[in-house]
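So the structure is just underneath, and the comments pick up after that.
Taken together, the values in this text are just the output of simple stated rules run on the coordinates, not laboratory data. Everything numeric here is computed off the predicted structure, so don't read it as measured data. Every residue, glycine among them, receives a Cβ derived from its backbone with ideal geometry; neighbour counts consider all protein chains shown.
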Protein chains: 2
Amino acid sequence: MNSIKYTDPGSVPQIMKRSVDAFHIYKGAGIKKRAELLNAISNELGSISSELIEIAETETNLDPARLRAELKRTQFQLQSYGEACTNGSALEIRIDLPKETSGQPDLRKMRVPLGPVVVFGASNFPFAYSTAGGDTASALAAGCSVIVKAHPAHAQTSQLVAEAIGKAIEYCGLPPDLFIHIHAHSFDTAHALVLHPLTSAVAFTGSYEGGKALFDLASSRPVPIPVFAEMGSVNPVFIMPGKMRSAQKELAQVLAASISQGAGQFCTQPGILAALEGEELHALEEELVMLLHEVPFQKMLHEGIERNFIDKKETALSQEGVEVARLDNELKNLKRSEIKPILATVSAKKYLENSLLHQEVFGPFSLLVRCASLVEMRQVAASLEGQLTASVFADPGELDQELTSILQGKCGRFIYNGVPTGVTVSGAMHHGGPFPATTDSRFSAVGADGIKRFSRPLCFQNWNDELLPDALKNSNPLQLLRTINDMPSRDPID
Amino acid sequence: MNSIKYTDPGSVPQIMKRSVDAFHIYKGAGIKKRAELLNAISNELGSISSELIEIAETETNLDPARLRAELKRTQFQLQSYGEACTNGSALEIRIDLPKETSGQPDLRKMRVPLGPVVVFGASNFPFAYSTAGGDTASALAAGCSVIVKAHPAHAQTSQLVAEAIGKAIEYCGLPPDLFIHIHAHSFDTAHALVLHPLTSAVAFTGSYEGGKALFDLASSRPVPIPVFAEMGSVNPVFIMPGKMRSAQKELAQVLAASISQGAGQFCTQPGILAALEGEELHALEEELVMLLHEVPFQKMLHEGIERNFIDKKETALSQEGVEVARLDNELKNLKRSEIKPILATVSAKKYLENSLLHQEVFGPFSLLVRCASLVEMRQVAASLEGQLTASVFADPGELDQELTSILQGKCGRFIYNGVPTGVTVSGAMHHGGPFPATTDSRFSAVGADGIKRFSRPLCFQNWNDELLPDALKNSNPLQLLRTINDMPSRDPID
């Protein structure tokens, strides 16, 4: 194991100076170089995969199969953001050729990088949303330099990933400071990074408290900078009676898997189920509780997260009207170190009265909200804060338009007859949502569109062809997809 | 003239309730309805154009020709954002069809409106960046309801425009509260609007002080909301010696026109000229001063803006090392109410030492920064804050790569051998820039991409075709441009 060197706030000015110097070189290296780098990082990670999985296993309690899948996803993510550079979609090029009639000049717009980006990774995805995860990949694809503060819960894994990135940078002939990896004990270093004038943007995945503190800090700067923080979500699942009748067993199975998968440590874990009270719900609940009961004891990522889970779960269970769902009664007296998925229930009435029950309990916990009527279901939906996802299980005929309309206004991804867990990396994916799910609902943490968090449009007016960046030249030498006079095209301009 | 009814902060909750109710109806009316509305507003404005120009002339001191052109631009803007709805580009649709191999579900993403948007228009564009201007057009195209606080400097014009919008809304069978127009005496009402929980976003065009105050207010909310504020810009123009030699007269002409046009009351007015000291600069300066001297006395938009101009100009002129350019010496003693374009000069050394000289003097004032060397030119560029535009006048051979690279990092639009004034409405236009030019460099105030300030992606996962919004259905009934499996297409999906 590597010994860890900690960075104090006093080193931040020098770190940011190094980062911005590297940024200026990288900015000039062109879009194809970015793709080369992203693919090189993917290769480096692949070449040390066994070592990475071994060390991550010791640090995170996640099983090797899951870690292997996550590492593959991380590599795919790097490659696909590289592809967004290669094909040009990351640049969002628009060209309007001059019009003599209206006096419109020659206008050519592409996205350019913001500058050095500070990334705070997630504890629950040591690969995919951490050191070489979605935020780092997005920032590098945007053309930015990156400073990652390692998550202390997997500091050694982070160190190893950082070394792989370092090798990829060297392989590509880019400046080593393009990616700077630091460990820090205190919040002071994180604050100094966010407040430093050379920092251009911040990406964060984690708790509401952490994300909101960084957002406030960044907004308070003399020059405010964008913070994309993905924070919490209870990912509500609304279930209509017909579906409970027609697909009770399947429903219970997918829900149990989604609630308990990875000890519930997913940002898309379904923390709230809402359904109409009645026979169908009783049957579903019984089935679900049985399935959850069969899940073996689980270990959480680290002690801090486990303590937090147990405290929040106990607080939720101590609220008026909240009961542990029947078969699980014995679990109420579990030892604190024994983690089992828990289904609790509460009436919609009590849920609506108690904002504490709206908060995320990060871990294998789900609250079943029993609604006396469709009106109450709508009220529950309307009472929700912003979410990453919302799901509806229903037969087509029984969908309530008002309910679906309310839910669409609350979430970034709206799922039909499916659970929220499972976030594929693709262009049409959206992983974001209204506050407090994220700090800016207009951007995504997953998929190549997430690159746009760290770039901005720059319009070149009336530049001679030979003076333009390659991406905007008439001959389209990089063979990028561009929008020319409002029409998508890969053709050169005559 | 209509008598004006003022709104107090106490009315804000009721206003926002009305707005959000109208929003929900509009949201469900579909993208084609938005295009219909935008075109109807354009038609209504056209049908009362004489009346509008007459009243605007009395309120703003702008001449009828300019107002006519601005009204036409406003109509074109409404129509072109309508076109972005009709062709679907405003929705940025991405569809990824399911892949059995990877288990990827059916994902279909489109942009949906944020909710009610509060618009604070500009004083200098009574039509194009005010009541029915770019922000209102963008918000309506995004599917949002709009609350406009009328600019007091053209309250009657604003009232008349609002009535035209009301007629268009009625013509389209949409709820009257989709657009709410208010007058307010105090900042309290503006603050109450920004702080109200139902407000989803804010658009502002005006001073740094105003925009920053709204940004801070919105960031301080329990649920922060996006503020797009276009604030100030000095739009630096860098001039290389070869160009001064080869095109001295033309250069002086375009600069004089750009500095003095509309009494310099444009957000893209060139407030800073930077050039290498020498024979060429002396000749250019002489020519420029002569041309500016020939500009007749001008009237500014209103007393407040005039007072502000005179104060800021006098402060700038009183700084150490700042001189009025030669021929203009007599202007130093102008009566306060006489507005003439002024060229002042200062050495780069003094400019770099004095941050006050970096501030915008809104009006017909430009500061010529004399640089002793190319290194000093680069230093001047590097010292600039974020800008809407930057221009370089140069023969191709004499461009300095370091200088152009610095300037690209500072601006949203980068112009070659042209002045910054003249912002065409088109897809490739970018009217934005790093802070403090705007509060978010990733968005534009002009062009259909500006619609994205007020919408966010929503991804539909695994919805049956008949349950999807029309825009996402397989048959593409609205014939929109969509990206399907990463390829742009207007085709239906088989």
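Some observations on this one:
- Peptide-level mean, for B:445-451, of C-beta atoms on other protein chains within 10 Å: 2
- Helix B:64-86 and the longest principal axis of the Cα set of chain B meet at an angle near 40°.
- Across the stretch A:369-382, coupling constants 3J(HN,Hα) worked out from phi with the 6.51/-1.76/1.60 Karplus curve, θ = phi - 60°, read 9, 8, 9, 7, 7, 4, 4, 5, 4, 4, 5, 4, 4, 5 Hz, and Gly and Pro carry x.
- Label-to-label distances for residue B:338 across copies, nearest first, come out at 9.4 nm, using points 7 Å from Cα in the beta-carbon direction.
- Once the Cα atoms are used to define both axes, helix B:31-47 deviates from the longest principal axis of chain B by about 50 degrees.
- Cα gyration tensor shape for the stretch B:115-259, rounded if a/c is under 1.5, else prolate or oblate: prolate
- Listed cross-link partners A:99/B:72; A:109/B:410; A:410/B:452; B:33/B:452; B:33/B:473; B:249/B:299 are compared with a 22 Å cut-off, the Cα-Cα value being larger for B:249/B:299.
- Net charge of neighbours whose Cβ lies under 13 Å from the Cβ of residue B:378, counting Lys and Arg as +1 and Asp and Glu as -1: -2
- Global geometry of the stretch B:395-468, whether rounded, prolate or oblate, following the gyration tensor of its Cα atoms and the 1.5 cut on a/c: prolate
- Our coupling estimate for the stretch B:143-155, obtained by passing each phi through the Karplus curve with A = 6.51, B = -1.76, C = 1.60 and θ = phi - 60°, is x, 8, 7, 10, 10, 9, 8, 4, 6, x, 6, 9, 5 Hz, Gly and Pro reported as x.
- In order through the stretch A:117-134: 3J(HN,Hα) via Karplus (6.51 cos²θ - 1.76 cosθ + 1.60), integer Hz, x for Gly, Pro: 10, 9, 10, 10, x, 8, 7, 7, 10, x, 9, 5, 10, 9, 3, 10, x, x
- Three-way shape call for the stretch B:1-88 based on the alpha-carbon gyration tensor, with the a/c threshold at 1.5: oblate
- Here's how it looks for residue A:184: its modeled amide H is under 5 Å from those of A:7, A:150, which are all 5 or more places away or on a different chain.
- Other residues lying with their Cβ under 10 Å from the Cβ of residue B:226 contribute a combined charge of +1, Lys and Arg counting +1, Asp and Glu -1.
- For chain B, dividing the convex hull volume of the Cα atoms by the residue count gives 164 Å³ per residue.
- Summing charges over all other residues whose Cβ lies under 11 Å from the Cβ of residue A:390, with Lys and Arg as +1 and Asp and Glu as -1, gives +2.
- Less than 5 angstrom separates the built amide H of residue B:88 from those of B:481, all sequence-distant by 5 or more or on a different chain.
- Full-stretch length increase - residue A:277, residue A:402 - with 0.36 nm per residue and alpha-carbon distance subtracted: 43.1 nm
- Amide H partners (placed H, <5 Å) of residue A:361, local residues excluded: none
- Residue-averaged beta-carbon neighbours from other chains (10 angstrom radius) around A:406-416: 5
- For chain A, DSSP calls about 30 percent of its internal beta bridges antiparallel.
- Note on chain B: helix-only mean residue ellipticity at 222 nm, from DSSP H runs of 4+ residues weighted -39500 (n - 2.57) and normalised by residue number, equals -12000 deg cm²/dmol.
- For residue B:470, the distances from its label point to the matching points in the remaining copies are 4.5 nm, ordered from shortest, with each point set 7 Å beyond Cα toward Cβ.
- Seen against the Cα atoms of chain A and their longest principal axis, helix A:248-260 is set at about 60 degrees.
- DSSP-assigned coil residues among GluC sites (Glu not before Pro) in the stretch B:37-145, each with at most 16 further Cβ atoms within 10 Å: B:100
- Given 15 as the ceiling on other Cβ atoms within 10 Å, longest exposed-site-free region of chain B for trypsin sites (Lys or Arg not before Pro) in DSSP loops: B:6-298
- DSSP beta bridge pairing in the protein assembly as shown, given as percent antiparallel to the nearest 5: 30
- As a ratio to 2.2 N^0.38 Å, the alpha-carbon radius of gyration computed for the stretch B:212-268 takes the value 1.86.
- Each other copy places its own label point for residue A:307 at 6.0 nm from this one, sorted shortest first, where the point lies 7 Å along the Cα-to-beta carbon line.
- In terms of surrounding Cβ atoms within a 10 Å radius of their Cβ, B:118, B:289 rank from fewest to most as B:289, B:118.
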